[in-house]
Amino acid sequence: MELHDVWFVLIAVLWTGYFFLEGFDFGVGVLTRLLARDRAEKRVLINTIGPVWDGNEVWLLTAGGATFAAFPEWYATLFSGFYLPLLVILLCLIVRGVAFEYRVKRPEERWQRNWETAIFWTSLIPAFLWGVAFGNIAHGVKIDRDLEYVGTVWDLLNPYALLGGLVTLTLFTFHGTVFTALKTVGEIRERARTLALRVGLVAAVLALAFLLWTQADNGDGTSLVALVVAVAALVVALAANQAGREGWAFALSGVTIVASVAMLFLTLFPNVMPSTLNADWSLTVTNASSSPYTLKIMTWLAVIATPVVLLYQGWTYWVFRKRIGTQHIAEAAH
């Protein structure tokens, strides 16, 4: 296997890790409107992801940096062609981080309510737009002979990509709902399990339609296996949620996200951005990659740094593994 193939796989792993981890905290952000009934419950939801949300975003920085270094042509075409939606995502992530930190800086009702509104919208919008972006990457966009995107932002809002956005939004919300059930106690835990069934059923219908569409367009035997795994994991996750096995439900909802993202990358390879104008103008792992020497240096750095990052993040989750409820929220912090 060539090094550019290895880095395609590694970037796929980084994006998969990002969607697995950031997916549930996007979902929890959405639940601040859908699930929480009062200020204390909103605080409980925010506290379930408080120690980990910023660490989850490191996966995005790493995936973007790895794409820039390993496949500069891919990075240039992607970030220029998708400039507006990616800018919206970036602004949402900035405001979202500020909202988490500033919400409790002042006790006024209006101040806290406004930041809570910001958390909701800056979780919902990226959850949707990431699906739109990756739907377009997998489906193909207008790339000319100079390997440049020549479409408009409206071309990105096609039915396949919009369906992809709905899939990521509902899957992330389901992922966040079962995470909430896993991390909380009391009434909010029971309501999270009830809501998880409803959201999960919607996600299952949308995901099945999207993955079947993907398979019909570019799929093969390997991607079909990923499709079956994704759908089966989601069905079993729903059953585990109904049985009160929150740990299994969360793990299996994660498997659904992993298998779905894997299927997109499997249908994409060896392209990194297919051209809908001419297949010969597509960006591939060969024509979009850096030099072999650059990839070699990056590989050694990844071998050294990756285990350290995984160990540290795993330790963080272990330290903050206990359940919380409204009884753990001080009155002044509501």
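The values are calculated or read from the model by the stated rules, or taken from the named source; none is laboratory data. Bear in mind the structure is a predicted one, so any value in this text is a computation, not a measurement. Positions of Cβ are generated from backbone atoms using ideal geometry, with glycine treated the same way; all protein chains shown enter the neighbour counts. Heads up: the accessible areas ignore ligands, DNA and RNA and are worked out on the full protein's heavy atoms, side chains in. Shrake-Rupley method; radii C 1.70, N 1.55, O 1.52, S 1.80 Å.
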Select the helices (runs of 4 or more DSSP H) contained entirely in region 36-85, then report the ones holding at least 3 residues which are under 16 Å from PHE19 (Cα atoms). 53-70
Only one of (1) surrounded by fewer than 15 Cβ atoms within 10 Å (Cβ to Cβ); (2) over 23 Å from the mean Cα position of the chain (by Cα) fails for THR284. Which number is that? (1)
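Out of PHE100, PHE128, report the one residue that is more than 24 Å from SER275 (Cα to Cα), outside any loop (DSSP other than H, G, I, E, B) and either modelled with pLDDT under 90 or of a type in the set (Phe, Trp, Tyr) (or both).
Numbers: PHE128 fails: more than 24 Å from SER275 (Cα to Cα).
Checking each option against the conditions leaves just PHE100.
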Inspect all residues belonging to region 190-200 and state whether any of them is over 23 Å from the mean Cα position of the chain (by Cα) and among the charged types (D, E, K, R). yes
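Answer yes if at least one residue in region 145-157 is open to solvent by less than 50 Å² (accessible area, probe 1.4 Å), within 19 Å of ASN271 (Cβ to Cβ), acidic (Asp, Glu) and not in a helix (DSSP H, G or I), and no otherwise.
Quick first cut of region 145-157, residues open to solvent by less than 50 Å² (accessible area, probe 1.4 Å) only: 147, 149, 151, 156.
Next, from what is left, pick out any that are within 19 Å of ASN271 (Cβ to Cβ): 147, 149, 151, 156.
Filter once more, so that each one left must be acidic (Asp, Glu): none.
Checking region 145-157: not a single residue is open to solvent by less than 50 Å² (accessible area, probe 1.4 Å), within 19 Å of ASN271 (Cβ to Cβ), acidic (Asp, Glu) and not in a helix (DSSP H, G or I).
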Meets criteria (open to solvent by 10 Å² or more (accessible area, probe 1.4 Å), touching a residue at least 60 places away in the same chain (Cβ under 8 Å), under 19 Å from ARG193 (Cα atoms) and touching a Phe, Trp or Tyr at 6+ places or on another chain (Cβ under 9 Å)) for ARG33: yes
So in region 268-302, with the set limited to residues that are assigned to a helix (DSSP H, G or I) and among the small types (Gly, Ala, Ser), which one is farthest from GLU22 (Cα to Cα)? ALA279
Only residues in region 280-293 that are touching a residue at least 24 places away in the same chain (Cβ under 8 Å) and closer than 17 Å to ALA138 by Cα count as the first member; pair them with residues that are polar (S, T, N, Q) and open to solvent by 20 Å² or more (accessible area, probe 1.4 Å), Cβ under 7 angstrom, at least 6 apart or cross-chain, and list the lot. SER282/ASN271; LEU283/ASN271
Can you tell me which of (1) buried (at least 21 other Cβ atoms within 10 Å of the Cβ); (2) modelled with pLDDT under 90 is the one PHE26 doesn't meet? (2)
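Of all residues in region 189-215, count the ones that are surrounded by fewer than 23 Cβ atoms within 10 Å (Cβ to Cβ) and either in contact with a helix residue (DSSP H, G or I) (Cβ under 8 Å, 6 or more places away or on another chain) or of a type outside the set (Val, Ile, Thr) (or both). First the steps, then the outcome.
As a first pass, look at region 189-215 and keep what is surrounded by fewer than 23 Cβ atoms within 10 Å (Cβ to Cβ): 189-191, 193-195, 197-198, 201-202, 204-206, 208-209, 212-213, 215.
Okay, now just the ones that are also either in contact with a helix residue (DSSP H, G or I) (Cβ under 8 Å, 6 or more places away or on another chain) or of a type outside the set (Val, Ile, Thr) (or both), so 189-191, 193, 195, 197-198, 201-202, 204, 206, 208-209, 212-213, 215.
Residues flagged as surrounded by fewer than 23 Cβ atoms within 10 Å (Cβ to Cβ) and either in contact with a helix residue (DSSP H, G or I) (Cβ under 8 Å, 6 or more places away or on another chain) or of a type outside the set (Val, Ile, Thr) (or both) within region 189-215 amount to 16.
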Residues of region 93-103 being closer than 19 Å to PHE20 by Cα and surrounded by 20 or more Cβ atoms within 10 Å (Cβ to Cβ), in sequence order, are ARG96
Check off (1) of a type outside the set (Asp, Glu); (2) farther than 22 Å from LEU21 by Cβ; (3) assigned to a helix (DSSP H, G or I); (4) open to solvent by less than 20 Å² (accessible area, probe 1.4 Å) for PHE265 and give me the number that stays unchecked. (2)
Please specify each residue of region 239-258 satisfying the condition of being under 20 Å from the mean Cα position of the chain (by Cα) and surrounded by fewer than 21 Cβ atoms within 10 Å (Cβ to Cβ). GLY247, TRP248, ALA251, VAL255, VAL258
Quick check on region 177-222: of everything there that is over 17 Å from ARG245 (Cα atoms) and not in a helix (DSSP H, G or I), which residue is modelled with the highest pLDDT? ASP220
Out of region 271-281, which residues are open to solvent by 70 Å² or more (accessible area, probe 1.4 Å) and out of contact with any Gly (no Cβ under 8 Å at 6 or more places or on another chain)? LEU277, ALA279, ASP280
